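Enquirer: Starting off with a structure, shown below.
The values are calculated or read from the model by the stated rules, or taken from the named source; none is laboratory data. What you see is a predicted model; the values in this text were computed from it and never measured. All Cβ positions, even for glycine, are placed from backbone atoms using ideal geometry, and neighbour counts span all protein chains on display.
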Amino acid sequence: MQPADVKAVDLVAFETFRGLFPLVDESLEERSRRARGRIAHLLETDPGGAWVARRGDGRVIGAALALLRDDVWGLSLLVVEPTAQSGGVGRELLARALDYGAGARGGLILSSTDARALRAYARAGFSLRPMAGAAGIVDRRAIPPRHPDIEEHGLEAAPVVEWISRAIRGATYARDLPPILDSGYRLLTLADRGFALHKAGRVRVLAALDEETARALLWAGLAEGPPGATVDLEHIGPGQDWAVEVALEARLDLSITGALFVRGELGPLHPYLPSGAYL
């Protein structure tokens, strides 16, 4: 992948996932700016994990983005234009992305329910963990008082994010904070025990040292959603019953959304809600 490919990769991703991820709190222009910022960021930080597939005329028809953080590999994006799927393009892109993480001590992939993706990741040697999502309008009567130690921060809180994410995920999030915050997400911390990133009540990353801290941060993030607006949690994995309890108390609806694939040496991944883009 080259910098000139960023727009084309975003268009392929948009066509591939059209309808799967509705625009809840952003316009098409905002979605495009966020998505292209993510692609450009990972191309800069992990050029060895950024690949495209082209037709004979040079047009981009697929792409893969992989990242390495503290020797933990993650697949951020794997997309193939719908008309080119099932022809081996995705398999080749995945192979290049996996090569970037060869020898890494651990690996993470978040998958949709697409049968081809689930099969490919399982065959690559990853263990499957089913994931659920939650969505709906928060029952604001259920929102507890905000924990007095929760504060909003910018990049100055990167050291806290770094050590907590290393303790829970086994790898830092700090390197990816700038593009996340630049795309409109807000960072909440509870002392030095946990952090969450949310946008208008949609919590996208959360890691904490204990479930009490995780619950407080999740409630604080959900409470930031505008009254009457739809919010959602994308990736609730096995063992994250604290998050399920919060979702049910908030009157959100649960559904099965995909899977987390893991391999190697990682952190406990608990309490933990991963990011679709940055794992």
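Enquirer: Considering R169, R129, R141, which residue is more than 22 Å from the chain's Cα centre (by Cα) and not small (G, A, S)?
Expert: Details: R169 fails: more than 22 Å from the chain's Cα centre (by Cα); R129 fails: more than 22 Å from the chain's Cα centre (by Cα).
Of R169, R129, R141, the one residue that is more than 22 Å from the chain's Cα centre (by Cα) and not small (G, A, S) is R141.
Enquirer: For residues that are surrounded by fewer than 22 Cβ atoms within 10 Å (Cβ to Cβ) and assigned to a strand (DSSP E or B), scanning just the range 261-279, find the one that is nearest to the chain's Cα centre (by Cα).
Expert: Among them, the one singled out is V262.
Enquirer: Further question on the same structure: For the range 75-100, name all the residues that are surrounded by 20 or more Cβ atoms within 10 Å (Cβ to Cβ) and small (G, A, S).
Expert: S76, G90, A97
Enquirer: Checking V244 against (1) in a helix (DSSP H, G or I); (2) surrounded by 22 or more Cβ atoms within 10 Å (Cβ to Cβ); (3) not charged (D, E, K, R): exactly one of these is not met. Which one?
Expert: For V244, the failing item is (2).
Enquirer: A follow-up question, please. What about L181, is it surrounded by 20 or more Cβ atoms within 10 Å (Cβ to Cβ), within 26 Å of E29 (Cβ to Cβ), touching a strand residue (DSSP E or B) at 6+ places or on another chain (Cβ under 7 Å) and not aromatic (F, W, Y)?
Expert: Details: surrounded by 20 or more Cβ atoms within 10 Å (Cβ to Cβ): no; within 26 Å of E29 (Cβ to Cβ): yes; touching a strand residue (DSSP E or B) at 6+ places or on another chain (Cβ under 7 Å): yes; not aromatic (F, W, Y): yes.
Here the answer is no, as L181 does not meet what is asked.
Residue-wise test of (1) surrounded by 14 or more Cβ atoms within 10 Å (Cβ to Cβ); (2) β-branched (V, I, T); (3) in contact (Cβ under 8 Å) with a residue 60 or more places away in the chain; (4) outside any loop (DSSP other than H, G, I, E, B).
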position: Y121; (1), (2), (3), (4): yes, no, yes, yes
position: G125; (1), (2), (3), (4): no, no, yes, no
position: L128; (1), (2), (3), (4): yes, no, yes, yes
position: A132; (1), (2), (3), (4): yes, no, yes, yes
position: G136; (1), (2), (3), (4): yes, no, yes, yes
position: P145; (1), (2), (3), (4): no, no, no, no
position: P159; (1), (2), (3), (4): no, no, no, yes
position: L187; (1), (2), (3), (4): yes, no, no, yes
position: L197; (1), (2), (3), (4): yes, no, yes, yes
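Enquirer: Sticking with this one: Give the residue, chosen from G221, G228, G258, that is part of a loop (DSSP other than H, G, I, E, B), in contact with a strand residue (DSSP E or B) (Cβ under 7 Å, 6 or more places away or on another chain) and of a type in the set (G, A, S). Before you say what the answer is, go through the steps one by one.
Expert: Values: G221 fails: part of a loop (DSSP other than H, G, I, E, B); G258 fails: part of a loop (DSSP other than H, G, I, E, B).
Answer to the selection: G228.
Enquirer: For D71, all conditions in the list (1) outside the structural domain of L43 (by TED's automatic domain parsing); (2) surrounded by fewer than 22 Cβ atoms within 10 Å (Cβ to Cβ) hold save one; what is the number of the exception?
Expert: (1)
Enquirer: Can you tell me which residues in the range 76-104 are touching a Phe, Trp or Tyr at 6+ places or on another chain (Cβ under 9 Å) and in contact (Cβ under 8 Å) with a residue 40 or more places away in the chain?
Expert: Hits for the range 76-104 are S76, V79, L93, R96, A97, Y100, G101, A104.
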